[in-house]
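Each remark here refers to the structure printed beneath this line.
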Amino acid sequence: MRTITLEEHCSLPALLRAIDARFQRDLTTNEFMQKVRVKLTDLGQIRLADMDAAHIDMQVLSLAGGDLDHLDAPAAASFARDANDAMADAVRAHPTRFAAFAALSLQDPEAAARELERCVRQLRFVGVMVNGTVGGQFLDHPRFTPFWEAAQALDVPVYLHPAPPPAPVFQSYFTGLPEDLGFMLSTAGWGWHVETGLHALRLIVTGLFDRFPRLQVIIGHMGENLPYSLARANAVLSRSGHKLSRSVAEIFHQHFHVTTSGYFTLPPFLCALQMVGADRILFSIDYPFSPTEFGRRFLDSLPINPADIEKIAHENAERLLKLPVRAN
Ligand code: MN
């Protein structure tokens, strides 16, 4: 069975050095991050061997770009462009194994829209990945309109990926904890997942999808808690005086896709399957932060019918990203 994964990250050595310098951070003794970084900065042999070992046919590459926003705008835009060129080289070298999502610095939304156009029209990228808030602002802010216009005009999905929270949020919610627990709780241990669920709801309730009716958004991590909470959010938000043309749940069902990245246990999957449906769930790993073999075992163990497995493993990705269909 062909298997395509959509939240598979890479980075550039120069970008990692710039981020470490910006945060005065030394990760040389962090064994986990050292291993992750070797894989992040490889777009060839190591990555392909990991994919082969777990029978992953294609990765859609994306920059691990959650820290870009913390660099000054010209540096961030330059790194995003370099990352896009590096991913384009990998796709050219291995066109059946890799596709790519554009990396953007959204500090200048007009320039980001132009870079997205370059990535889709010239480099043949299949979408774009954005990371959390920008300068503390969610992407429903009017200043990001040029970005959303470009995504709709180019007919590519937007993958909304988490990023560390804005500084005031970190200060209020995640300080007063020992060692690195505050950082971990603010990111993959909890915080950035619920922030991304909130971000998705903000896009919905501010009418973004009425303004851009063809827009499709992908969220990872089994839906960033939304499948679990959608019914209540829908009920409560529908009582608001601010009326939408469709319900929150309708907009979610019509404009969102969910990937399995990093979530490899059955209960959240079954919740997503019931709330989102097999037509809008896509298999993903979150390489190299999550172990590829865990994801593979999870996909192979799903107690659902074979037709739905095919949708989740590759058919939904082929349709959403307009990938050439190949027999495997
Ligand atoms: Mn990720």
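Below are the figures for this structure:
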item	result
Cα-based Rg / Dmax (Å) for the stretch 1-148	15.6, 45
Formal net charge of residues neighbouring THR259 (Cβ-Cβ distance under 12 Å; K, R +1; D, E -1)	-3
Contour minus Cα-Cα distance for ASP300 and ARG118 (0.36 nm per residue)	61.8 nm
Largest-first ellipsoid semi-axes for the chain, taking √(5λ) over the Cα gyration tensor eigenvalues, angstrom	26, 25, 21
Cβ-based net charge around GLY135, under 13 Å, with every Lys or Arg adding one and every Asp or Glu removing one	-2
Normalised convex hull volume, the stretch 77-183, alpha-carbon set, Å³ per residue	120
Accessible-area ranking of SER229, SER11, largest first, probe 1.4 Å	SER229, SER11
Calculated over the stretch 230-328: convex hull of Cα atoms, volume per residue (Å³)	129
Using a Förster distance of 41 Å, the FRET efficiency for LYS322-ALA14 (Cβ separation, nearest 0.05)	0.80
Accessible surface, the stretch 4-321, averaged per residue in Å² (probe 1.4 Å)	44
Whole-angstrom gap from the stretch 37-75 to the stretch 189-256, using each part's C-alpha centre	28
DSSP-defined antiparallel bridges as percent of all bridges, the chain, nearest 5	5
Cut-off 11 Å between beta-carbons: net charge of the residues surrounding ARG17, Lys and Arg +1, Asp and Glu -1	+2
Exposure rank, largest accessible area first [GLU195, GLU117; 1.4 Å]	GLU117, GLU195
Virtual spin-label span in nm between ALA167 and SER238, 7 Å along Cα→Cβ	4.2
Sorted peptide list for 149-162, 102-115, 166-179, criterion being average Cβ within 10 angstrom, highest first	102-115, 149-162, 166-179
Of all accessible heavy-atom area on the chain, the percent that carbon and sulfur account for (1.4 Å)	56
Dipole magnitude (debye, nearest 20) for the chain, charges at Cβ of Lys, Arg, Asp, Glu	660
Computed [θ] at 222 nm, deg cm²/dmol, the chain (DSSP H ≥ 4; -39,500 (n - 2.57); rounded to nearest 500)	-13500 deg cm²/dmol
Mean Cβ count within 10 Å, highest first, over the residues of peptides 207-215, 61-69, 235-243, 18-26	61-69, 207-215, 18-26, 235-243
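The values are calculated or read from the model by the stated rules, or taken from the named source; none is laboratory data. Model, not experiment: these values are computed from the prediction. FYI the Cβ positions are ideal-geometry reconstructions off the backbone, even for glycines, and counts take in every protein chain you see. The area values use the complete protein model at the heavy-atom level, side chains included, leaving out ligands, DNA and RNA. Shrake-Rupley method; radii C 1.70, N 1.55, O 1.52, S 1.80 Å.
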